[in-house]
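S.K.: One structure, as structure tokens, below. Some questions next.
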Amino acid sequence: MIATLNINGIIYYVSPACKQMLDYEPTELIGKPVWELFCLHDLEKMERWQDWINENQSYKMLRLLRKDGSFVWVEVVSNTIRYESGNVREIISVFRDITRRKMLEDALAAQERVMSDIVETMAVGVVICDENGVLTRMNRAARQLHDVVKLPLPLSTGVLHTDCMRPMEKCC
């Protein structure tokens, strides 16, 4: 969906794609302030409208209110068009529905939290390194086994997994 807004955030053009995305006819949105479509929670997180239009280009992820009261996640890329004097003429915003992507990201994040909790509570030590051998994670059992007490590990210093191990004790 494409919308063109004046300097006060009033929609004066919106593409017919608004029907599919929000279930509004374009004529129902023309003349409305764009923020009336924003989820209140997202609106509270956003900076002032004036700050937003002063950027030449902005990218936001937020929820828009559909006609039926449900929300749709969108990413919004906005470009501020200026007169030669530098004053704002209009804002052109492109809204893309990312609801499915957001749902998948949320499900993946929840699954990662569960897996992380499982690994953290395992009785066996688990050490995770990146492709360069830099230690990225140790579970509780591994920290106890290797006497690592400082968390988080100083990843920025490039700690190798071998740096956290005790020297092998001589058998027999």
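The values are calculated or read from the model by the stated rules, or taken from the named source; none is laboratory data. Keep in mind the model is a prediction, meaning the values are calculated, not measured. Cβ placement follows ideal geometry from the backbone for every residue including glycine, while neighbour counts extend to all protein chains displayed. The protein model used for the area step is the full one, side chains on, heavy atoms only, and it has no ligands, DNA or RNA in it. Shrake-Rupley method; radii C 1.70, N 1.55, O 1.52, S 1.80 Å.
S.K.: For the stretch 107-122: of the residues being at pLDDT 90 or above and charged (D, E, K, R), which is least open to solvent (accessible area, probe 1.4 Å)?
M.R.: Glu112
S.K.: Just to be sure before I move on: is Asp51 modelled with pLDDT of 95 or more and surrounded by fewer than 16 Cβ atoms within 10 Å (Cβ to Cβ) in the structure I sent? Show your work before the answer.
M.R.: Details: modelled with pLDDT of 95 or more: no; surrounded by fewer than 16 Cβ atoms within 10 Å (Cβ to Cβ): yes.
Against the criterion (modelled with pLDDT of 95 or more and surrounded by fewer than 16 Cβ atoms within 10 Å (Cβ to Cβ)), Asp51 does not qualify.
S.K.: Residues that are closer than 30 Å to Arg140 by Cβ and aromatic (Phe, Trp, Tyr): find the helices (runs of 4 or more DSSP H) completely inside the stretch 10-126 holding 3 or more of those.
M.R.: Output list is empty.
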